[in-house]
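Since the structure comes first, as structure tokens, the remarks are kept for the end.
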Amino acid sequence: MEQVSREMLHRLAVERSGELVQLVSDLIRIPSENPTGTQREVVDFVENYLRQAGIDYEEVGENPDFPCIVAKMGTDDGFSVILNGHLDVVPAGDRSQWDFDPFAGTVTDTQILGRGTSDMKAGVAGLLFAMKLLKESGAPLKGNIRLHLVSDEESGGEFGSAWLCDHGYADGANACLIAEPTSANDIEIGQKGGLTVILKATGKSAHGSLGGFKGENAILRLAKVLEELPRLTTIEGHYKPSQQRALQNSIMRAQTLLDEPGVGEVIRHVSANVGLIQGGTRPNMVPDYCEAIVDVRLPIGVDHKEIEDMLASIVHDSGVEGVSYELQWKSEGNYTEEDEVIVQTVKRNAEAIWKMEVIPAYQWASSDARDYRRVGIPTIQYGPANTAGIHSYNENVDIQDVVNAGQIYVLSLCDMLGIQ
């Protein structure tokens, strides 16, 4: 019998790439929309896949509507790597806007089509495929692989990765690979934090016919504060010398992908979006209350006090009374150092497969990576994707991207777990 080797496993990943493509298609054909659908069918499918592969698993969690699947293979000694992904997808929305059935899982000559192809069932399929190959090969692992598949990432992750980290399922891990969508040539090693700011203005009601002469209009009061809110975006992150290369990579990547003058600076600066305003009761009444909900994203190194100090200054300088604010914190900016094993291993294998430079970079959005970094685990995101259709219509993924990701996962696991 041929000795199990890294080369043998790579060859198997190439020869059996059709299985991986089919697995992606099978997952797409199971609607798992969140929050409008159910996760039960896709969870059952994955559990059956693991069972047939001979991989022990357990269904855990505190919310039966959003179960988590955890599995483990290998030994308690040695390097421990977590493979993380989410099974839920955003709703398909208006079907008339799609050029194809979002849940048909159609495979063309070059692409797989459907909701969740990029975000992130192709990535999940790659992780499952890699584990199955390793399990079936019987390769002795100098360490272990832990699988964390969750089903509520699109609704905030409270019952998914955050719950798993809070309940010890990540304890002692040396690395975490999340197969979230990225570009083929970049590895996400950090992301912005976030908070919600609720600005509240009170006024004094009066008949609308007296507007401007009697009463205090809460909407107008708040408007004066909102005019100054862009001052939040002058706050910059604080990056160590070891982070400068990744920072510049990130600015360049954001500028290229988003293609808007100066947009690359979104990585370095706070962003603030007034996403919702609600105030007043009727047009013929001077409103005595108004509030605005603001989505704020924090670059690495920005702390609570900087945001609070700037908000206090904005309200003070507006010159209006009756305006207060509430801060609902989600996470700080978080990152993994570029020289960590998980970063360099995936980078080396991705460059070998793609035959191009792959750069570590920071992300302007956020994901479950924050939960693993919060408990001290070096974490990256790297997964197959075409970004144009994510959370939009006509989502798809390139077959070559999927196949290459599967090989990169297999080779990286070999390297981290001592398969020569």
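Quick notes on this structure:
- Residue-level check: of (1) touching a His at 6+ places or on another chain (Cβ under 7 Å); (2) surrounded by fewer than 20 Cβ atoms within 10 Å (Cβ to Cβ), ASN185 misses just (1).
Here is a yes/no grid of residues against (1) out of contact with any Leu (no Cβ under 9 Å at 6 or more places or on another chain); (2) surrounded by fewer than 18 Cβ atoms within 10 Å (Cβ to Cβ); (3) touching a residue at least 40 places away in the same chain (Cβ under 8 Å):
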| residue | (1), (2), (3) |
| --- | --- |
| ALA53 | no, no, yes |
| GLU59 | yes, yes, no |
| PRO64 | yes, yes, no |
| ASP77 | yes, yes, yes |
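- Filtered residue count, the range 145-175, keeping only those that are open to solvent by 10 Å² or more (accessible area, probe 1.4 Å) and in a strand (DSSP E or B): 1
- Count of the range 199-215 residues which are in a strand (DSSP E or B), over 13 Å from THR281 (Cβ atoms) and open to solvent by 20 Å² or more (accessible area, probe 1.4 Å): 3
- Qualifying residue in the range 386-394 (condition: open to solvent by less than 20 Å² (accessible area, probe 1.4 Å), closer than 23 Å to ASP295 by Cβ and touching a residue at least 12 places away in the same chain (Cβ under 8 Å)): yes
- When every residue of the range 253-272 is checked against the conditions, none turns out to be in contact with a strand residue (DSSP E or B) (Cβ under 8 Å, 6 or more places away or on another chain), open to solvent by 60 Å² or more (accessible area, probe 1.4 Å), closer than 28 Å to PRO378 by Cα and not in a loop (DSSP other than H, G, I, E, B).
- Scope the range 288-311; condition open to solvent by 30 Å² or more (accessible area, probe 1.4 Å) and over 28 Å from GLY190 (Cβ atoms); matching residues: ASP288, TYR289, GLU291
- Put simply, of GLN278, GLN248 the only residue that is without any contact (Cβ under 8 Å) to a residue 60 or more places away in the chain, open to solvent by 70 Å² or more (accessible area, probe 1.4 Å), in contact with a Cys (Cβ under 9 Å, 6 or more places away or on another chain) and among the polar types (S, T, N, Q) is GLN278.
- The lone criterion from (1) open to solvent by 10 Å² or more (accessible area, probe 1.4 Å); (2) more than 30 Å from the chain's Cα centre (by Cα) left unmet by ALA218 is number (1).
- For beta carbons closer than 7 Å, sequence separation of 6+ or different chains, a first residue in the range 24-41 that is in a loop (DSSP other than H, G, I, E, B) and a second that is among the acidic types (Asp, Glu) and open to solvent by less than 10 Å² (accessible area, probe 1.4 Å), the qualifying pairs are SER32/ASP88; ASN34/ASP88; ASN34/ASP152; GLN39/ASP88.
- Among the conditions (1) over 33 Å from the mean Cα position of the chain (by Cα); (2) open to solvent by less than 40 Å² (accessible area, probe 1.4 Å); (3) more than 21 Å from TYR325 (Cα to Cα), the only one that MET285 does not satisfy is (2).
The values are calculated or read from the model by the stated rules, or taken from the named source; none is laboratory data. These figures come from a predicted structure and were not determined experimentally. Methodologically, a virtual Cβ is constructed for each residue, glycine included, from the backbone with ideal geometry; neighbour enumeration extends over all protein chains shown. Note: areas computed on protein heavy atoms with side chains; ligands, DNA, RNA excluded. Shrake-Rupley method; radii C 1.70, N 1.55, O 1.52, S 1.80 Å.
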